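Take a look at the structure below.
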């Protein structure tokens, strides 16, 4: 009986993986694109269960709003603006079989190499020992010696913003470039000034009342997830994508003309720029303080190191705030939330206005 | 091999199959939106691979890489290091998921622009129109 | 185990069992019902009897499980809040589904006995 209890997580892991394979197969084969999106949402639910069973709750918090909420909503809006069915007639069978065999061969080679990369034992099942790097991260994430530690009990947030802070800086810049690209494609579009009339626009009164109650709760929960990212699983990214769900809810249940009352596009761009400036300042704040007093410091420095003895305080009045991690979480929440709000608002502009703008541009 | 290793291998092979099917979907299916859906599925499979590499075999089950006390003693740190999952893969996947969403949004804007200019989202017809 | 813990454990297991039974019944109903709107009844049984009831059962089980320490109160509290949100928001979702399916004419309305909404629309009391 005890062995059955110990076997249960692995059993649920295997069943979820097989169910997700069925969902992926149905999603790719399906010709009706809306059903394909729904099958991919089912696959994302099973993947969220797999992430939870593999003991990484930070990713579950960011994966569920992104893959089950935001991405299907975006693709369904796109399908409504373009074609709904996929025309599969005319693909030669020989070329598709060739491509399938090449893909299978590539995956087997790449997968075998990945399996070998466990690097402790040449076995499929991971060993009971972790890598030396993982042991070093886990040892020093909250340690009595401040010089070698990130002073945060959350190892994942400490890695994202302290040990490997430069990676996150470049990741934020990649997201920034994607949003600039989307804004450039939509440079002459504006949401027209139309009066929002309560009776005619949007869904029924039941939906609107429920949304009015739930949207402030979602915002509060998102801010709470962002603020306690250095203590429990959470952080700026998780809070940002959870808050971005409120924008899509407002656009779908009420209408775009109601959402534009709270999130104007230019205000959202300004707040996003404020968030990005906050991230840049938090990265160099230790360096600025140190250079102005004649000491040495690194960028992205959180706690004092051996040759750079300046660092931010890690607790305020007995509560742990872990230096720059708290500031990074707050500013990243603002930047991510406003970035996705901009993209949702631009995506929901009706097609007639866009067609007029494009016809005017092409003539 | 015992039951746990067998079930873990089944998970590996199921993720293999997901990668194969989504790559087939990217290359063979002609609609741009189907390619975008398959690309997002492919990205998710890669994230699962990264997390599977960082897993550990502890009896009865490993713990999350988050400490639950704020003034840990030496014994607590030793036990934490010996039973916690590797914290580096989730840090990489975290940024990956958000970048994936931003890239998919940009691709969707491109697909909408292509539809407005060419009138269709079938990639074979677009190639014929441009060539 | 003390008496209260025993009673809570039994109640928790009973509620989870009721939830499993409701899920199976909803699955059979989804297959055999003829119409979209009747299938929506089966889906709501899966949402309320199959999700809300087992969450309440799990919270009661957690309350009775002494080995967890004081964490079990936080677990049970989270479970009750989630169940309350499910209870309020799942009917809203099915209402919006039914409204959208009716007004966009996405489904066939057979077999139909009486359509009161159509009579109301013809009389002009309901628009859109």
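At-a-glance table
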read-out	value
Residue mean of other protein chain beta carbons inside 10 Å, A:8-16	5
Debye log10 I(q)/I(0) at q = 0.22, 0.25, 0.29 Å⁻¹ for region A:258-327, Cα point scatterers	-0.91, -1.04, -1.19
CD proxy at 222 nm, helix term only [per DSSP H run n ≥ 4: -39500 (n - 2.57); per residue of chain C; nearest 500]	-25000 deg cm²/dmol
Tensor-based shape of region A:222-300 (alpha-carbon gyration tensor, a/c under 1.5 rounded, otherwise prolate or oblate)	oblate
Percent RCO, i.e. relative contact order, over chain A, from Cα pairs under 8 Å lying at least 6 residues apart	17 percent
Most mobile listed residue (A:66, A:24, A:104) in chain A, GNM with C-alpha springs under 10 Å	A:104
Kirkwood Rh, angstrom, the protein assembly as shown [1 / mean 1/r, Cα pairs]	27.0 Å
Quotient of C-alpha Rg and 2.2 N^0.38 Å, computed over chain C	1.44
Relative contact order, percent, chain C [alpha-carbon distance under 8 Å, six or more residues apart]	27 percent
Over region A:88-246, equivalent-ellipsoid semi-axes from the Cα gyration tensor in Å	40, 34, 18
Rounded tilt (10° steps) of B:3-28 against the dominant C-alpha axis of chain B	20 degrees
Over region A:1-127 - Rg/Rh using Cα atoms and the Kirkwood inverse-distance radius	1.05
Mean residue ellipticity (222 nm) of chain B, computed from DSSP H runs ≥ 4 via -39,500 (n - 2.57), nearest 500	-25500 deg cm²/dmol
Rounded to whole Å, sorted largest first: equivalent-ellipsoid semi-axes of region B:3-130, Cα gyration tensor	43, 19, 7
Pairwise centroid distance, computed over Cα atoms, of region B:53-122 with region A:8-71, Å	14 Å
Distance from region A:277-309 to region C:55-120 (C-alpha centre basis), Å	51 Å
Over chain A: helical MRE at 222 nm, DSSP H runs n ≥ 4 each giving -39500 (n - 2.57), nearest 500	-22000 deg cm²/dmol
From the C-alpha gyration tensor of region A:20-93, square roots of 5λ in Å	27, 16, 7
Shape parameters for region A:130-363, alpha-carbon atoms, Rg then Dmax in Å	21.6, 69
Pair residue A:87, residue A:316: separation of 7 Å Cα→Cβ label points (nm)	6.1 nm
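Every number here is computed from the coordinates shown, using simple stated rules; none is lab data. Just so it is clear, the structure is predicted and the values come from calculations on it, not from any experiment. Counting neighbours? That spans all protein chains shown, and the Cβs are built from the backbone with ideal geometry, glycine included.
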